[in-house]
Structures are given as C-alpha cells and as structure tokens.
C-alpha cells in the first residue's frame, strides 16, 4: 500500500523548490554582473561624456516647448479604447444579465461624447 503524502506538503515542497530556483538565478545574475563590473575597463570623466548625443554634432541646448495640438487624439483614443475594454471585460460576464444595462449605458455615453467632440471640431 502506497503512503499518501498530504497535498499541503506537496505544495510547500514545490513552493520551496521554486523559491530556491529563484534565489539561485538571482545570485548567478548578480555574480555575472559583479564580475563584469570588476573586469570592465574604467573610463575617466570627460567633458564629451556629459554632452547629449546628436549624431556626433555639438548642439546648442534650448528650452523645448512641447506642442499640445494633438491632445484631441489622446482624448479620442482614451474614450474609444476604454469602451473596447469595457466590452471585452463584459464578455467575461456575458451570461450575467445585470451588467448589460450598465454596459449599454456606458457605450451610449461614450458614443455621445465622441459625437459631441466631433461636432465641436467643425466650428
């Protein structure tokens, strides 16, 4: 008659094995990193090292003002992408009828918001 090991002991043994493998991988990675750091040639601090890379050319730095003229596309993307996510997550609970009115209301609100934004753009 075979001795049956409790499932908890099997799970703990598997978890301990997984933790040990994780620790071994981290230690090996750390060892490789330290060996590479010790063997790598040391470079001195130079003025060229502090310069930004721009195809080898020296550039004059100036303040960059980012344009905000593409914010409308960000709003479109956020609204349409969130509606796709809502439909995808609602598909998980497709047989739960209590979620359908909320999903329909959300999709109608997204549609109205998109129509309002497109209508305001025509001015």
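Of the residues screened, residue 47 is one that is at pLDDT below 75 and out of contact with any helix residue (DSSP H, G or I) (no Cβ under 9 Å at 6 or more places or on another chain).
Tallying residues that are exposed (fewer than 11 other Cβ atoms within 10 Å of the Cβ) and modelled with pLDDT of 75 or more within the range 93-123 yields 7.
The values are calculated or read from the model by the stated rules, or taken from the named source; none is laboratory data. Keep in mind the model is a prediction, meaning the values are calculated, not measured. We place every Cβ from the backbone using ideal geometry, glycine too, and count neighbours over all the protein chains shown.
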